[in-house]
Amino acid sequence: MKDDNSVFPAGIKRTKHRRSVYSVLENAASPLSAPEIFSRVRDGDASVWLSTVYRILDCFVSEGLVLKTTVMDSSMAFYELNREQHRHYAVCVNCRKVIELVNCPMEKFVPEIAESDFHVLGHKVEMYGYCKDCDKKISSLH
Ligand SMILES: [Zn+2]
Ligand SMILES: [Zn+2]
C-alpha cells in the first residue's frame, strides 16, 4: 500500500480501517459492493468486520468522498470514489457484473420540468440487462 497521506481527504479521521477501505476503492477498476470491499480489506487485515466497512462507507458517502449507486433494489449497492467525473454503469441482473457506459444517455436529453427555474444538479440512470456471458448462457437455454 502506498503512502496515502497526500490523497486521504482532510477532515476525515485517519484510522487504519478507513485507510484500507479508501485504498481498495482507489485501486478498484469498477464500483464494488460492500461485501467485495470487505473481502479485499480483509485480505490485508483480518481484524476488520463487515459492519465496520458499512459504517466507514456511510461516513465516506456523507462526506461526499464516495458515491453510492443503488441498482433496482436497495439490497444491491455499489461504491466508488467520487472522482468528480460523470459516469454511468449497466448492471447484469444475472451475475451482477457492473459495466461502464462509455457515453451519457442524458447528454442530448432536454428535461421539461414544470418549474422553469428548477436548477438541475445531476441525474441518475439505471441500466440493467444481461452481460455478454450471461446473454450467451441464457439464449442457449431457449
Ligand atoms: Zn452476467
Ligand atoms: Zn449522465
Completion exercise
Checked against the positive end of the charge dipole of segment 43-142 (+1 on Cβ of Lys and Arg, -1 on Cβ of Asp and Glu, about the Cα centre), the farthest of S140, Y130, T52 is S140
Problem - GNM top mover of D43, D58, D117 - the chain, alpha-carbon springs below 10 Å - result: D117
Exercise for the section: Once you've got the GNM for the chain with C-alpha springs shorter than 10 Å, pick whichever of K132, K16, K97 has the biggest mean-square fluctuation. Expected result: K132
Exercise for the section: Counting helices only, and only those DSSP H runs with n ≥ 4, report the 222 nm mean residue ellipticity of the chain as the sum of -39,500 (n - 2.57) divided by its residues, in deg cm²/dmol to the nearest 500. Expected result: -9500 deg cm²/dmol
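Which whole number in µm²/s is D for the chain by Stokes-Einstein, with the Kirkwood Rh taken over Cα pairs at 10 °C and 1.306 mPa s?
D = 92 µm²/s.
Could you tell me which of the pairs K16/K68; K108/K136; K13/K97; K13/K108; K13/K68 are separated by over 30 angstrom between their Cα atoms in the structure shown?
Exceeds cut-off: K108/K136; K13/K97; K13/K108.
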Handout entry: Per residue convex hull volume, Cα atoms of segment 86-142, in Å³
Key = 116
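Placing unit charges on C-beta atoms (Lys and Arg positive, Asp and Glu negative, everything else neutral), compute the dipole magnitude of segment 86-142 about its Cα centre in debye, rounded to 20.
The dipole of segment 86-142 has a size of about 520 debye.
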Problem - Dipole in debye (nearest 20) - the chain, about Cα centre, beta carbon charges: Lys, Arg +1; Asp, Glu -1 - result: 620
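Please identify the longest segment of the chain free of exposed chymotrypsin sites (Phe, Trp or Tyr not before Pro), where exposed means a DSSP state other than H, G, I, E or B and no more than 10 other Cβ atoms within 10 Å.
Excluding the exposed sites themselves, the longest stretch runs over 1-108.
Each reported figure results from applying straightforward, stated rules to the coordinates on display, with no laboratory input. The shown structure was predicted, so the numbers you read here are calculated from the model rather than taken from an experiment. Please note: Cβ atoms are built from the backbone with ideal geometry, for glycine as well, and neighbour counts cover all protein chains shown.
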